[in-house]
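Asks: Starting off with a structure, shown below.
Throughout, read-outs are computed from the coordinates displayed, never taken from laboratory work. Just so we're clear, the structure is a prediction, and the values are computed from it rather than from any experiment. All Cβ positions, even for glycine, are placed from backbone atoms using ideal geometry, and neighbour counts span all protein chains on display.
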């Protein structure tokens, strides 16, 4: 099982869209999400981020979290967002990784070596 986390801010192009154009775009986005959902994408949740509650905030206004069965569905999800134009309207960063317990990740962190100089 993998997690796919999106953090995003609207771009000026989003603000320039009319209400009907925004509605049409969101309908298109929902259709693309449905197609990926049929491959195993599960929405955990969406949120508006509260920077005032986090002194180490990301600078992003919105986030969403998804579970996907494997990295191929994660790639398909990213590709779907590109194909229907999500990135045209939203500045976004993605984080994707295999879901693990803290122990295995902390073990790898403990074993990190300083990278060689370039």
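Asks: How much length is gained if the chain between residue 108 and residue 3 is pulled fully straight, taking 0.36 nm per residue apart and subtracting their Cα-Cα distance, in nm to one decimal?
Replies: On the way: separation 105, 0.36 × 105 = 37.80 nm, distance 1.85 nm.
35.9 nm is the gain from fully extending residue 108 to residue 3.
Asks: Ok, one more. So how far apart, in nm, are the two label points at residue 53 and residue 88 if each is 7 Å from Cα heading toward Cβ?
Replies: Taking the two extended label points, one gets 3.4 nm.
Asks: Could you give the length gained on full extension between residue 118 and residue 34, defined as 0.36 nm per residue of separation minus the Cα-Cα distance, in nm?
Replies: Working: separation 84, 0.36 × 84 = 30.24 nm, distance 4.46 nm.
Gain in length upon complete extension: 25.8 nm.
Asks: Got a sec? How would 82, 19 order by Cβ neighbour count within 10 Å, fewest to most? Intermediate values should be presented prior to the final figure.
Replies: On the way: 82 10, 19 7.
Placing the least packed residue first, the sequence is 19, 82.
Asks: For the chain, calculate the relative contact order in percent as a whole number, restricting contacts to Cα pairs under 8 Å that are 6 or more residues apart.
Replies: 45 percent.
Asks: Checking a compactness column here: for the chain, what do you get for Rg(Cα) / (2.2 N^0.38 Å), N being the number of residues?
Replies: Numbers: Rg = 17.0 Å, N = 118, 2.2 N^0.38 = 13.5 Å.
Taking N as the residue count of the chain, the ratio is 1.26.
Asks: Turning to a different aspect of this structure: Can you give the calculated 222 nm mean residue ellipticity of the chain, where each DSSP H run of n ≥ 4 adds -39,500 (n - 2.57) and the sum is split over every residue, rounded to the nearest 500 deg cm²/dmol?
Replies: Computed ellipticity for the chain at 222 nm equals -12500 deg cm²/dmol.
Asks: Give the angle, between 0 and 90 degrees and rounded to the nearest 10, that separates the Cα long axis of helix 71-83 from the longest principal axis of the Cα atoms of the chain.
Replies: That works out to roughly 30 degrees.
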